[in-house]
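The values are calculated or read from the model by the stated rules, or taken from the named source; none is laboratory data. Just so it is clear, the structure is predicted and the values come from calculations on it, not from any experiment. Don't worry about glycine lacking a Cβ; one is built from the backbone with ideal geometry, like all the others, and counts go over all protein chains shown. Just so you know, the surface numbers come from the protein's heavy atoms only, side chains and all, with ligands and any DNA or RNA stripped out. Shrake-Rupley method; radii C 1.70, N 1.55, O 1.52, S 1.80 Å.
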Amino acid sequence: MPKHLGIAEALREAIAEEMERDPRVFCLGEDIAVPGGWGGAFTVTLGLEKRFPDRMFNTPIAELGSFGVACGAAMMGMRPIVDVQYGDFLLLAFDQIVNNIAKLRYMSGGQITLPLVMRAPVGATGRGSQHAQNVERYFTGVPGIKVLAVSTAYDAKGILKAAVRDDNPVMIFEHKLLYGSKGVRAESGAVDATSEIPDGDYTAPLDTAAVRRAGGDVTILAWLLMAHYALDAARQLGAEGIGAEVIDVRSLSPLDYDTIGPSVRKTGRVVIVEEGPQTGSISAELAAGILERFGDCLRCPIRRVASADVPTPFSPVLENAYRPDAPRIVEAARAVMQF
């Protein structure tokens, strides 16, 4: 029978299934295999150290080294899943990710494969400027890496399983407020991202967006937590007679203009929502790509809803003011409806 899982549970199930299926799969990361521990910072690997004691490796607080080990293992035919406690810490491994992991398959003329999965939690959750950034923007412009952002448990499981089986490096971003972890790791302000998970093996595509709600008046593009806020906004707009089509961008690199394009042609109005700061953002790249491809269909300028160009605040009051929310998305949609 299908089961209802949260994202953390779905990721855990995906890892276990892939480790059972393929003995080359192993995990490494900080505190992911502590007996009696939390299973990493957000319970994703909880209990897996008991099932796979020889393939769950705790690492020191040395991300550059951890990603170097993962890169070397992938080059030698293993299929590592490397976990960082917070997405911010990817920046400590930037050289390995950008100069080795992303480029070695190309530089070897395809003789080397890099089947490496990188998982990272992001999002403002009361942890301050160094543990709460949305760092997706720093990796979407790096050729050689596929970049995904999961917003539902169904996608989380299917995308992780597909990523493990891919011969290229894949980076998967997860939002702290969407994990659905329970007990001591429960997050204040968490949003329900549970899904019905089917029995049996399945994967989800690594290069497609998903239409979460149909509508004919305005296209709202979002991902991670913002996809859920966009759906909240769309329901409010629907009560006002405005049909908002919500697309979960999901694949941040490559961007899926084959899904985005028909919606833009239909509505002629676009609002793009992301949690990171606006300047130099993924929303800027999306806006430029839409204008280049579908500019003749636009009825008005594209509106972007993003965080301010300041470090992520620690204060909950300031954090809530910093991060986009449903009312700001509604306001942006109403603005483009004036055209």
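For the pair Cys300 and Arg334, label points projected 7 Å from Cα toward Cβ lie 1.2 nm apart. Using the 1.4 Å probe convention, the accessible area of the chain works out to 40 Å² per residue with neighbouring protein chains retained. Its residue count N sets the reference 2.2 N^0.38 Å, and the alpha-carbon radius of gyration of region 18-119 equals 1.07 times that reference. For the pair region 221-267 / region 122-198, the C-alpha centres are spaced 18 Å from each other.
Per the Kirkwood formula applied to alpha carbons, the chain shows a radius of gyration over Rh ratio, Rg over Rh, of 0.97. Each Lys and Arg Cβ is given +1 and each Asp and Glu Cβ -1; about its Cα centre, region 103-170 then shows a dipole of about 80 debye.
Residue ranking by accessible heavy-atom surface, 1.4 Å probe, largest first, among Ser129, Ser66 comes out as Ser129, Ser66.
Across region 140-216, Cα pairs under 8 Å and at least six residues apart give a relative contact order of 36 percent. In percent, rounded to a whole number, the relative contact order of region 1-118 is 24, using alpha-carbon pairs under 8 Å and six or more apart.
Dipole check for the chain: with +1 at the C-beta of Lys and Arg, -1 at the C-beta of Asp and Glu, and the Cα centre as origin, the magnitude is about 280 Debye.
Taking only protein heavy atoms and a 1.4 Å probe, the accessible area of the chain is 55% carbon and sulfur. Using the rule -39500 (n - 2.57) for each DSSP H run of four or more residues, divided by the residues of the chain, the 222 nm mean residue ellipticity is -9500 deg cm²/dmol.
The angle between the Cα long axis of helix 7-21 and the longest principal axis of the Cα atoms of the chain comes to about 40 degrees, rounded to the nearest 10. Ranking of Asp325, Asp31, Asp88 by solvent-accessible surface, largest first: Asp31, Asp325, Asp88 (1.4 Å probe, protein heavy atoms only, all chains present).
Working note: Debye formula, equal point scatterers on the alpha-carbon atoms of region 64-145, no solvent; log10 I(q)/I(0) at q = 0.19, 0.22 Å⁻¹ is -0.80, -1.01. On C-alpha positions alone, give me the angle between the axis of helix 282-294 and the longest principal axis of the chain, in degrees, nearest 10. Relative to the chain, helix 282-294 is tipped by roughly 60 degrees. Counting only the Cα atoms, region 116-177 fills a convex hull of 73 Å³ per residue. The chymotrypsin sites (Phe, Trp or Tyr not before Pro) of region 138-207 that DSSP puts in a loop, and whose beta carbon has at most 15 other beta carbons within 10 Å, are Tyr202. Which of Asn168, Gly123, Val69 sits farthest toward the positive end of the charge dipole of region 30-174, with +1 on the Cβ of Lys and Arg and -1 on the Cβ of Asp and Glu? With unit charges placed on the Cβ atoms, the residue in question is Asn168. Put His228, His131 in order of accessible area, highest first, and with a 1.4 Å probe you get His131, His228. Between 0 and 90 degrees, the angle of helix 257-267 with respect to the longest Cα principal axis of the chain falls at about 20 degrees. Here region 5-120 is treated with +1 on each Lys and Arg Cβ and -1 on each Asp and Glu Cβ, and its dipole about the Cα centre works out to around 360 debye.
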